[in-house]
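See below for the structure under consideration.
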Amino acid sequence: MTKLGYEFYNRCPVEVASDLLGKKFIFGHYKGIITETEAYRGSDDEASHAFKGPTKRASIMFGPCGQLYVYMIYGMYFCMNIVTGNIGEAGAVLIRGLRLEDKTLDGPGKICRHLGITKVHNGLDLINNDHAYLTEGIKISSPIITSRIGITKAIDKAWRFCTSNV
């Protein structure tokens with residue numbers, strides 16, 4: 001199956017977040033269907049790590065699209081995002097849900113823990129990599145669109161997308 005390329009990721013994070021639903025994520029021997037995402041932008045999104053510019057933590061969001069952005073929350077859980085858009089324009093999509101063959105992982109920390117994704121994978125290129133990449137998957141006809149969850153700022157933005165079975 002053909003990997004998703006630069007053109008797929010080089011768009012607005014809100015568009016990419018919606019279009020990631022149903023895509024197949026391959027990480028080592030794991031294969032899963034993305035079931036839930038959230039979009040984050042830059043200076044117009046107070047909930048984004050990139051809101052204050054390219055800090056040490058968020059500088060990857062301003063870099064080339066198609067990379068993993070992995071960070072730790074609560075000092076114990078890793079979260080995985082995919083960088084989107086043009087270089088210099090911050091954007092990323094948080095992967096919140098993944099359906100594997102034998103289970104559904106319903107949370108960004110659960111996904112990273114189960115797959116073994118850590119800070120070591122920060123910056124991993126999903127376009128030119130044979131260990132971690134995305135391909136077409138299944139068609140999602142009626143995604144659910146809601147406000148993002150687990151944040152306290154910019155809660156009005158309806159940038160969370162999920163499949164009907166989440």
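On the stretch given as segment 118-136, residues that are over 18 Å from Thr84 (Cβ atoms) and either more than 15 Å from the chain's Cα centre (by Cα) or in contact (Cβ under 8 Å) with a residue 60 or more places away in the chain (or both) total 3.
For the structure I just gave you, tell me whether Gly22 is touching a Gly at 6+ places or on another chain (Cβ under 8 Å), assigned to a loop (DSSP other than H, G, I, E, B), in contact (Cβ under 8 Å) with a residue 40 or more places away in the chain and under 15 Å from Phe161 (Cα atoms). Break it down stepwise before answering.
Values: touching a Gly at 6+ places or on another chain (Cβ under 8 Å): yes; assigned to a loop (DSSP other than H, G, I, E, B): yes; in contact (Cβ under 8 Å) with a residue 40 or more places away in the chain: yes; under 15 Å from Phe161 (Cα atoms): yes.
For Gly22, the condition - touching a Gly at 6+ places or on another chain (Cβ under 8 Å), assigned to a loop (DSSP other than H, G, I, E, B), in contact (Cβ under 8 Å) with a residue 40 or more places away in the chain and under 15 Å from Phe161 (Cα atoms) - is met.
Per the conditions (1) more than 15 Å from the chain's Cα centre (by Cα); (2) over 25 Å from Gly53 (Cα atoms), the sole criterion not satisfied by Ala158 is (2).
Being at negative phi and either modelled with pLDDT of 90 or more or aliphatic (A, V, I, L, M) (or both) is the filter here; which residues of segment 146-155 pass it? Spell out the reasoning first.
To start, the set of residues in segment 146-155 that are at negative phi comprises 146-149, 151-153, 155.
Matches in segment 146-155: Thr146, Ser147, Arg148, Ile149, Ile151, Lys153, Ile155.
Considering only segment 9-41, how many residues are buried (at least 18 other Cβ atoms within 10 Å of the Cβ) and in contact with a helix residue (DSSP H, G or I) (Cβ under 7 Å, 6 or more places away or on another chain)? Selection size over segment 9-41: 9.
Within segment 28-68, the set of residues being without any contact (Cβ under 8 Å) to a residue 12 or more places away in the chain and of a type in the set (Lys, Arg) comprises Lys52, Lys56. Of the residues making up segment 1-18, those that are more than 16 Å from Asn128 (Cβ to Cβ) and in a helix (DSSP H, G or I) are Pro13, Val14, Glu15, Val16, Ala17, Ser18. A residue that is of a type outside the set (Ser, Thr, Tyr) and within 13 Å of Glu36 (Cα to Cα) can be found somewhere in segment 124-142.
The condition of being within 16 Å of the chain's Cα centre (by Cα) and under 26 Å from Ile145 (Cα atoms) holds for Phe62.
Inside segment 93-152, residues that are under 20 Å from Cys65 (Cβ atoms) and of a type in the set (S, T, N, Q) make up a count of 4.
The values are calculated or read from the model by the stated rules, or taken from the named source; none is laboratory data. All figures in this text were calculated on a predicted structure; none of them were measured in a lab. A quick note on method: Cβ atoms are made from the backbone with ideal geometry, for glycine too, and the neighbour counts reach across all protein chains shown.
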